[in-house]
Amino acid sequence: GNYTGDLRPQVHFSPPQGFMNDPNGMFVDAEGTWHLYYQYNPTSVVAGNQHWGHATSKDLYHWVNQPIALFPPEERVYVFSGSAVLDVNNTSGFFPDQDNGVVAIFTLARYYENGAGPQTQNIAYSRDGGYSFEYYDANPVIDSTSSQFRDPKVIWYEDHWVAVIAYAQEFAVGLFTSPDLKTWTFASNFTRHGLLGAQYECPNLVKMPVRDADGAVIDEKYVMAVSIQPGAPLGGSITEYFLGDFNGTHFTPLDSVTRLTDFAKDNYAAQFFYGVPDGQNQVNLGWASNWQYAQKVPTGNLEGWRSAMTAPRVNYITEAPRIGLVMVDEIYDVSPILDSKLKSETCDGEGRIALDYSSVESGALYIEVNVTNINTTLLTDYSTLNISFASPASGEILQSGFYFGGDTPFFINRGGIKGFDNVFFTDKFSTADVYSSGSSSTLASWSMKAVIDRSIFEVFVDRGFHTGTVVFYPSQPLTALNLASRLPAGASVSVDIWSLKRSWA
Ligand code: FRU
């Protein structure tokens, strides 16, 4: 692949060429190698002809493209989304002499001349650590006559495997159990929860630590994530999640609250990596696009590829003031990609930074802003902290920032980027900062981390309580950062900006 195009992310994964959608089969092996598979059409820049592409990484930022892992087994049968597990105890019997066997479980979607045929669940095994797979000779492992039954995600629970699978148009997640990944028994359904959209896709079930305000683990709960498409509140596709308990066969939500993983539009079908040690924070990444326009974005015509993955994120559950338990979605350790520190400044209330980063080869930046000691009784509608990225050549601008007046939301506005126009390509996103630390006292603190990477912008507000992911397609590279803080005197504003190293050779 050629990773030099002006729109090509430099610290995010994108396919060598062709069209990519959902992350699939993600696991981390005993040597600490992260495996990412993905829905892949290697022969075109639109969806269809689904294979499983494959890439590996030691740090979740530097990826090595690997040979395609799963090919369509016959004509008009495609390899749809699914997951993978490490079968260290050889429950499947595929791995008599090794403890690093990998089993992938995925949907095969059959198409007839005149329409969609059944979607069934199938497995393939790898004896070389996940690089090459053999189809099991007694597939499917879960048969069906439905054309809307897909995306198995498997986890281990005490003494058995558990799969969650979407009955897409019945708005149900089916839970199945198995001793060996080959024989599956229906256990329960999780039906009609949250936003229904037009269908449920790519369910995930994962155990996560619950942490107190100091970060200590005080409990554990399960997260059930469901991707809906189309029908997201902002249009197209989005992922929601539920917090609850799981007893090996049934998931019971704690409450009837629907929570979204992202306040913008470009984070879909995220999957949690299998193999993160029990008790640790989970790790996920999602598809940084939206079915509303994924097949139309200009990278296809201009550079021959479409779609990137989000940055990797760390997940745990914590209590947010007023809201109760939430899943934190915070950027994973960025130290492997940090280059030089371009700015490190602190100001009292009011301040400005203008940074020309046209000499940064990657075009990518990492930014941290921490504001402490905000006297909330002095905040007005004019209290803002704005960060923008512009192209002096084309006049295009991507804006973001805190608007501290009123209900103090954080916003992103991609409406000033004119390189891609589509009726569904929504411009503006915001989130109310209801969980901010210190919001109940007069002295408040606010923080954000952000990554901008040529055509993707991600913000993690308040330690990942609110995450916003947007793609944008400027006609000229953005090279000018402007930051303006207009906060009351006494507020301490600290800003750190790093250039990022290209992760692609
Ligand atoms: C979600 C999805 C899945 C399906 C895959 C096909 O984006 O529609 O339900 O398995 O994409 O590529």
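Using the Cα centre of the stretch 291-416 as the reference point, and only Cβ charges (+1 on K/R, -1 on D/E), how large is the resulting charge dipole? Debye, rounded to the nearest 20.
It comes to approximately 360 debye.
Of the peptides 80-90, 179-189, how do they stack up when ordered by the mean number of other Cβ atoms within 10 Å, highest first?
Going from most to least packed, we get 80-90, 179-189.
How much net charge surrounds Glu201 when only the other residues with a Cβ under 13 Å from the Cβ of Glu201 are counted, with Lys and Arg +1 and Asp and Glu -1?
That works out to -2.
Based on Cβ point charges of +1 for Lys and Arg and -1 for Asp and Glu, what charge dipole magnitude is obtained for the stretch 18-172 about its Cα centre, in debye rounded to the nearest 20?
460
Helix-only mean residue ellipticity at 222 nm, the chain, DSSP H runs n ≥ 4 weighted -39,500 (n - 2.57), per residue, nearest 500. What is it?
Per the formula, 0 deg cm²/dmol.
Give me the percent of accessible area attributable to carbon and sulfur for the chain, probe 1.4 angstrom.
Numbers: 9060 of 18710 Å².
Of the solvent-accessible surface of the chain, carbon and sulfur hold 48 percent.
Among Thr376, Ile331, Ser307, whose Cα sits farthest toward the positive end of the charge dipole of the stretch 290-390 (+1 at Cβ of Lys/Arg, -1 at Cβ of Asp/Glu, about the Cα centre)?
Looking along the dipole axis, the top candidate is Ser307.
Quick one: net charge of Leu500's neighbours, Cβ under 15 Å, K/R +1, D/E -1?
Net charge around Leu500: -1.
Mind running the shape call on the stretch 37-117? Use the C-alpha gyration tensor, a ≥ b ≥ c as the square roots of the eigenvalues: rounded below 1.5 for a/c, prolate if a/b tops b/c, oblate otherwise.
Verdict is oblate for the stretch 37-117.
Quickly work out the Arg352-to-Asn2 label distance, labels modelled 7 Å from Cα along the C-beta direction, and quote it in nm with one decimal.
In this crude label model, Asn2 to Arg352 measures out at 4.1 nm.
Let me know the shape class of the stretch 307-426, please: from the alpha-carbon gyration tensor, a ≥ b ≥ c as square roots of the eigenvalues, rounded when a/c is under 1.5, otherwise prolate if a/b is greater than b/c, or oblate.
Because its axes are fairly even, with a/c under 1.5, the stretch 307-426 counts as rounded.
Return one whole number: the accessible area per residue of the chain in Å², for a 1.4 Å probe.
37
Around Ile323, under 13 Å between beta carbons, what's the net of Lys plus Arg minus Asp minus Glu among the other residues? Intermediate values should be presented prior to the final figure.
Numbers: positive: Arg259, Arg322; negative: Asp255, Glu319, Asp433, Asp462.
Neighbour charge sum, excluding Ile323 itself: -2.
Give, rounded to the nearest 20 debye, the magnitude of the charge dipole that the chain has about its Cα centre when Lys and Arg contribute +1 at Cβ and Asp and Glu contribute -1 at Cβ.
Dipole size: approximately 1060 debye.
Given R₀ = 45 Å, FRET efficiency for Ser492-Leu195 by Cβ-Cβ distance, to 0.05?
0.70
Using a Förster distance of 22 Å, how high is the FRET efficiency between Asp278 and Asn370, based on the Cβ-Cβ distance and rounded to 0.05?
Using R0 = 22 Å, I get an efficiency of 0.10.
Which one, Ile218, Leu243, Pro233, is farthest towards the positive end of the dipole of the stretch 218-264 when Lys and Arg carry +1 and Asp and Glu -1 on their Cβ?
With unit charges placed on the Cβ atoms, the residue in question is Pro233.
Could I get the Rg over Rh figure for the chain? Both from C-alpha atoms, Rh via Kirkwood, rounded to two places.
Over the Cα atoms of the chain, Rg/Rh equals 0.97.
Based on the Cβ-Cβ distance from Asp97 to Val257, what FRET efficiency comes out when R0 is 35 Å, to the nearest 0.05?
E(calc), rounded to 0.05, equals 0.15.
Which length gain, in nm to one decimal place, applies between Ser394 and Lys418 when the Cα-Cα distance is subtracted from 0.36 nm times their residue separation?
Value of the extension gain: 7.7 nm.
Treat each spin label as a single point 7 Å out from the Cα along the C-beta direction, and report the Glu134 to Leu302 distance in nm.
4.6
Can you classify the stretch 364-505 as rounded, prolate or oblate using the Cα gyration tensor, where a ≥ b ≥ c are the square roots of its eigenvalues, rounded means a/c under 1.5, and otherwise it's prolate if a/b beats b/c and oblate if not?
Prolate shape, in that a/c is at least 1.5 and a/b is the bigger ratio.
Projected onto the charge dipole of the chain (+1 at Lys/Arg Cβ, -1 at Asp/Glu Cβ, origin at the Cα centre), which of Gly5, Ala187, Ala166 gives the Cα projection farthest towards the positive end?
Gly5
The values are calculated or read from the model by the stated rules, or taken from the named source; none is laboratory data. All of these numbers come straight from a predicted model, not from anything done at the bench. For neighbour counting, all protein chains shown are included, and Cβ atoms are generated from backbone atoms with ideal geometry for every residue, glycine included. Heads up: the accessible areas ignore ligands, DNA and RNA and are worked out on the full protein's heavy atoms, side chains in. Shrake-Rupley method; radii C 1.70, N 1.55, O 1.52, S 1.80 Å.
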